[in-house]
1. Taking the criterion of being at pLDDT below 90, basic (K, R), over 26 Å from T108 (Cβ atoms) and surrounded by fewer than 21 Cβ atoms within 10 Å (Cβ to Cβ), would at least one residue in the stretch 168-184 satisfy it?
2. In this structure, does G12 turn out to be outside the structural domain of R121 (by TED's automatic domain parsing), at pLDDT 50 or above, in a helix (DSSP H, G or I) and farther than 30 Å from R239 by Cα?
3. Give me the residue from the stretch 59-81 that is out of contact with any Leu (no Cβ under 7 Å at 6 or more places or on another chain) and among the hydroxyl-bearing types (S, T, Y) and, out of that set, modelled with the lowest pLDDT.
4. Is there a residue in the stretch 234-246 that is surrounded by 15 or more Cβ atoms within 10 Å (Cβ to Cβ), farther than 23 Å from L132 by Cβ and at pLDDT below 95?
5. Might you let me know whether the stretch 237-251 holds any residue that is in a strand (DSSP E or B), farther than 20 Å from I72 by Cα and small (G, A, S)?
6. For E247, indicate whether it is among the acidic types (D, E) and in contact (Cβ under 8 Å) with a residue 24 or more places away in the chain.
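The values are calculated or read from the model by the stated rules, or taken from the named source; none is laboratory data. These numbers were taken from a predicted model, which means no experiment stands behind them. Glycine gets a Cβ as well: all are built from the backbone with ideal geometry, and neighbour counts include every protein chain shown.
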Amino acid sequence: MGGNGPGRSTDGRRRKIHLGIWGMRVWVLAALLGGLAVPMRFQSGVAEAGPPSYLLQYDIKKGETLWYQVLISETIYSGTRRMTNLYREDVKVESAATADGKIHQTVTCAGTVTPEGGEARNLEPFRYYLTLERTGRILEAEGLKPWDGRQVETLWLAQVILPARPVIVGEKWTVNDELYSTANGGLAMERRTYEFDGIERVGSQDAFKVKYEASRKGRANSRDYTYTGTGTFYLSSGRLAKLEASEMVTYAGNGQDTKVITMIQVNLVK
């Protein structure tokens, strides 16, 4: 009996060591599983809180001057005739913020027009003045008039109308109002639908990407017309960084229908 005592004691110690190692393995495994579960619970918590929202608005610095390059292709279909003009415009936008949160802009334009197969000619330099909200809506326009000779000149700065509230990716908002949207200097009833399409890289910076569709009907030169436009603009650091748009205007009356298709590309240069 006395000889069996140490053997049993040794076996007991072995069992304790074995159980201790197994217990350690269980503890380590539980710790690893627990560590994996923490990020899963965190991600679940983020999902429950809802997707992030963003406030889209202009953030104009005092005395800021921005330079844009605008490229336009306008093709006119009238009866059996087809004519294309190419416009290249350099636009300087000088901005100043007011105490009440509005933005004053002085816009100076210079550029050229080149008929298809023809020679380029200079456009007479032109200047106009705008007052905007930080949402981009134009409140006042002074000195605005048709400048580069297009059939229906779009005031491209007016394409941007942002919501006054934070939005999430995929959210839409609609504007159905009288807007400064063309270069004739007046208000026109127009309907636009916007959609926040996420964040995309433009150059070296991230930019908010917003898509839009616009439509209006009117009368010009004794003819009825219908306008439709689609586009995407990019807002980076509170500034318009890029705009890509296509427009179509159809005229009816005077015994001849006319269709005008315009492609517009605007890029912030500096």
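1. no
2. For G12, the condition - outside the structural domain of R121 (by TED's automatic domain parsing), at pLDDT 50 or above, in a helix (DSSP H, G or I) and farther than 30 Å from R239 by Cα - is met.
3. T80
4. Within the stretch 234-246 (the criterion being surrounded by 15 or more Cβ atoms within 10 Å (Cβ to Cβ), farther than 23 Å from L132 by Cβ and at pLDDT below 95), the answer is no, since none of the residues qualifies.
5. no
6. yes
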